[in-house]
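Report on one structure; see the data block that follows.
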Amino acid sequence: MEIIDRVLLRLQDDEPDKELVDELVQTAKDRILLRVGSTDTKQFPESLETIAVEVTVKAWRRQYFEGITSEGVDSINTSFVQDILAEYATELDMWKSTNVDKPKVRFL
């Protein structure tokens, strides 16, 4: 199942705008690749797809105040988690340590 389909399945109660979700998926994928140091933008690693799905859903719901770290009562005072990928740092570091684009030696 494609990332976009998995995201739409999770957001089916919200009636999401497919174009916006597609943009959020691409943004999540771009940020994940940057975080793990991968230069292969053509092929997104299958093992990171679940993180992309979860990050996209969080980005979508951020519009509806998901990710609030604190909130005031008398005066409106809301602050959000700044780094959506921070929650996945351990998994991304593990992936990076075993899968990052490594220099290859070729014998001629």
For 21-27, 40-46, 84-90, ranked highest to lowest by mean beta-carbon neighbours within 10 Å, the order is 21-27, 84-90, 40-46
For GLU54, GLU15, what ranking results if the residue with the fewest other Cβ atoms within 10 Å of its Cβ goes first? GLU15, GLU54
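Bear in mind these aren't lab numbers, they're just calculated from the coordinates by the rules spelled out. All values reported here derive from a predicted model rather than from experimental measurement. Backbone-built Cβ (ideal geometry, glycine too); neighbour counts: all protein chains shown.
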